[in-house]
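The values are calculated or read from the model by the stated rules, or taken from the named source; none is laboratory data. Since the structure is predicted, the reported quantities are computational estimates derived from the model, not experimental observations. Neighbour counts are summed over all protein chains in view; Cβ atoms, including those assigned to glycine, are modelled from backbone coordinates with ideal geometry. Areas reflect the complete protein model, heavy atoms only, side chains present, ligands, DNA and RNA absent. Shrake-Rupley method; radii C 1.70, N 1.55, O 1.52, S 1.80 Å.
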Amino acid sequence: MTTIEQKAYAKLNLTLDVLGKRPDGYHDIQSVMQLISLCDDVSLDVGTGEDWKLTCDQAGIPTDGTNLAWKAAGLFYQNMGKDPQGITIRLTKRIPAQAGLGGGSADAAAVLLALNRHEGSPFSQVELLKLAEKLGSDVPFLLAGGTKMAEGRGEVLSALPTMPQCFYLVVKPDFSVSTPALYQAIDQAPEVYHPQTNAMVQALQKGDLLEVAGYLGNSFEPLVAAEHGEILAIRTVMEDCGALGSAMTGSGSAVFGIFDAFDMAAMASMQLMERNQTFLARNIEEGEV
Ligand code: C5P
């Protein structure tokens, strides 16, 4: 039996534009995505000689074959055509669930990366991304990391200039949002907000953090903020503490602020931690995954 460890990093959507519904029921999106240092720990015992097992330090996370990390291991060995002779997956969760941070998808991406390394790279990066795509729309980005443009349903990735160095404060309020329900709600909305993706890309090309922070935006945010005053309240505290910009990530409910000074991010965290979960984070670049 071999034990392997892998960090599973969270993502932020610096921009998220929902372009429209597709015939297959998914939505076309355009999103500037960033991997951040907020992470789960994934540990795998391969070749246990026992039944497959998954354990998690947090209640409410499925510990059977419905967990995306378990599915990732199944898909990996099915495509490799090998029986690993028993696997135990241990998840240590820090990324909050139903937050728009890609928590479950990050664990699945980490399993693919760890198993590919363990088995001596039977799959190329392109093949691994194809497996990732079968597991969920965000899994390919979480596997690739860095700063990327995600299009299609999220699986079509292209390179972007690296996000300038900064500090993120990620705040998860005490309510959650269902992603499918929110995609349905946006189809009924009389108007959809579209962030300025091209301007964001230009800001990244200039490497100008202040400008990047000025172009954060998310098509889902007005829908969630209309129902939950916490979104604007959290953003106001962050900006009063000196955030250069702030926005909701993914389908929420987590909100993030971008800071150029750690002490300002820490001050905002202190003010928000009584009523919310708060996390300080930095960029994770492509080679760091
Ligand atoms: O791909 P994933 O399984 O993560 O998506 C979860 C749900 O979110 C989908 O079943 C779909 O309802 C919605 N979704 C969508 N368009 C996307 C991504 C997700 O409609 N681009």
For the chain, the accessible surface attributable to carbon and sulfur atoms (probe 1.4 angstrom, ligands and nucleic acids excluded) amounts in percent to 49 percent
Going residue by residue through segment 65-75, the Karplus relation 6.51 cos²θ - 1.76 cosθ + 1.60 with θ = phi - 60° gives ³J(HN,Hα) values, rounded to whole Hz and with x marking Gly or Pro, of x, 7, 5, 4, 5, 4, 4, 4, 5, x, 5
In whole Hz, the Karplus estimates of ³J(HN,Hα) for segment 201-214 (6.51, -1.76, 1.60; θ = phi - 60°; x where Gly or Pro) are 4, 5, 4, 5, 4, 6, x, 9, 4, 4, 5, 4, 5, x
Checking segment 199-289 for chymotrypsin sites (Phe, Trp or Tyr not before Pro) in a loop per DSSP with at most 12 other beta-carbon atoms within 10 Å yields none
Taking placed amide H atoms and a strict 5 Å upper bound, the residues 5 or more places from L19 or on another chain that come that close are D28, I29, Q30
Computed D for segment 218-274, Stokes-Einstein, Kirkwood radius over alpha-carbon pairs, 20 °C, 1.002 mPa s, to the nearest µm² per second, is 188 µm²/s
So the pair-distance distribution of segment 62-124, from every Cα-Cα distance in 5 Å bins, comes to percents of 3, 17, 29, 25, 14, 8, 4, 0
In order over segment 265-278: 3J(HN,Hα) from phi, Karplus 6.51/-1.76/1.60, θ = phi - 60°, whole Hz, x for each Gly or Pro, gives 5, 5, 5, 4, 4, 4, 6, 9, 6, 5, 9, 9, 7, 10
Mean separation of Cα contacts under 8 Å (at least 6 apart) over the residue count of the chain, i.e. the relative contact order in percent, is 23 percent
Here the tail fraction of P(r) beyond 22 Å, over all Cα-Cα pairs of segment 1-119, rounds in percent to 39 percent
All alpha-carbon distances of the chain, grouped into 10 Å bins from 0, give the whole-percent distribution 7, 29, 35, 22, 7, 1
The long-range amide H neighbours of L54, using H built 1.01 Å from N in the peptide plane and a cut-off of under 5 Å, are I89
dims of segment 104-233, Cα set, principal axes, largest to smallest, nearest Å -> 49, 37, 26
Regression test value, accessible area per residue of the chain, probe 1.4 Å, units Å², expected 44 Å²
Most packed first (mean Cβ within 10 Å per residue), the peptides 63-74, 165-176 order as 165-176, 63-74
At the level of C-alpha centres, the distance separating segment 169-187 and segment 56-106, in angstrom, is 22 Å
When all Cα-Cα pair distances of segment 170-229 are considered, the percent exceeding 20 Å is 42 percent
Residues meeting the amide H criterion for V156 (H placed from the backbone, H to H distance under 5 Å, 5 or more places apart or on another chain) are E151
Relative contact order of segment 1-156 (C-alpha contacts under 8 Å, at least 6 apart) in percent is 30 percent
